[in-house]
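Take a look at the structure below.
No lab work stands behind these numbers, since they all come straight from the coordinates. All of these numbers come straight from a predicted model, not from anything done at the bench. When we count neighbours, we look across all protein chains shown, and the Cβ atoms used for this are built from the backbone with ideal geometry, even at glycine.
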Amino acid sequence: GQNIDQPTEMTATEGAIVQINCTYQTSGFNGLFWYQQHAGEAPTFLSYNVLDGLEEKGRFSSFLSRSKGYSYLLLKELQMKDSASYLCAVTGTASKLTFGTGTRLQVTL
Amino acid sequence: GAVVSQHPSWVICKSGTSVKIECRSLDFQATTMFWYRQFPKQSLMLMATSNEGSKATYEQGVEKDKFLINHASLTLSTLTVTSAHPEDSSFYICSASQGQTGNTIYFGEGSWLTVV
């Protein structure tokens, strides 16, 4: 089976750095995704990790440790527009995604 | 631009009626598409895998007779919610993959269904 855990909610200050953790236990692993989703909209792709290590893309970075079943999304220089839900998803076979519970991030002044 | 298109974006229907949602892959063929459902303040839950030319594979707890999936061509999958009830009101979203690597998964825009 699949089990993916994320914190439900987080709050951070504009300009700060926030780390959103994701732990997973899956039968089969073919990569881990992070998506951003604003209320009422489709998820937007942020990152994809299939090998261990850190992937950096602008203000967003994602880390993966396959042996630990652990990933995090790091957001730097937070902006108000970063207030959204962040979804961790794991793909096992083909392109079938299993999503975590999602983390609602609130950025405050 | 969008590589997966979903229609309609929102629909309101009466209890007991059926409603069809379309998911199209643009400029690429998708032998497999996926349908998800998302209730307010919850994450996406996979409902079923739509397989071109064969029966869909449903996740545990999803009624196949209620959520009819047809994948008649390599660019189109449809989800029909039959005998809709207010509790079926949700955000339905599809995805398709353009290639073999995992980072080529694209989502449709999503469809808001409200059953009154």
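Here are a few things to note about the model shown:
- Mean shadow area of chain B over all directions, Cα convex hull, nm²: 7.1
- Hits among aspartates and glutamates - C-alpha to C-alpha of B:Lys55 under 13 Å, sequence gap 8 or more where chains match: B:Asp65
- Rounded to the nearest whole Hz, the Karplus-based 3J(HN,Hα) values (6.51 cos²θ - 1.76 cosθ + 1.60, θ = phi - 60°) of region A:50-66 follow the sequence 10, 10, 4, x, 10, 10, 10, 8, x, 7, 10, 9, 9, 10, 9, 10, 5, with x at glycine and proline.
- Among the trypsin sites (Lys or Arg not before Pro) in region A:49-107, those placed in a DSSP loop whose Cβ has at most 12 other Cβ atoms within 10 Å are A:Lys68.
- Counting every other Cβ atom within 10 Å of each residue's Cβ, B:Asp65, A:Asp5 order from fewest to most as B:Asp65, A:Asp5.
- Given charges at Cβ of Lys, Arg, Asp, Glu: region B:2-116 dipole, positive-most of B:Ala48, B:Cys94, B:Cys13: B:Cys13
- Calculated from backbone phi, Karplus (6.51, -1.76, 1.60) coupling profile of region B:54-62 in Hz, x at Gly/Pro: 8, 5, 6, 9, 9, 6, 4, x, 9
- Lys/Arg +1, Asp/Glu -1 at C-beta; chain A dipole; positive extreme among A:Asn21, A:Thr91, A:Asn49: A:Thr91
- Placing +1 on the Cβ of every Lys and Arg and -1 on the Cβ of every Asp and Glu, with nothing else charged, gives chain B a dipole about its Cα centre of roughly 120 debye.
- Model label sites at A:Thr93 and A:Tyr70, defined 7 Å from Cα along the beta-carbon direction, differ in position by 3.0 nm.
- Among A:Trp34, B:Trp10, B:Trp112, a tally of other beta-carbon atoms within 10 Å of each Cβ gives an order, fewest to most, of B:Trp10, B:Trp112, A:Trp34.
- Only the Cβ atoms of Lys and Arg (+1) and of Asp and Glu (-1) were treated as charged; on that basis the dipole of the protein assembly as shown about its Cα centre amounts to roughly 180 debye.
- Hz values of 3J(HN,Hα) by residue in region A:70-76 - Karplus curve (6.51, -1.76, 1.60), Gly and Pro given as x: 9, 9, 9, 10, 10, 10, 9
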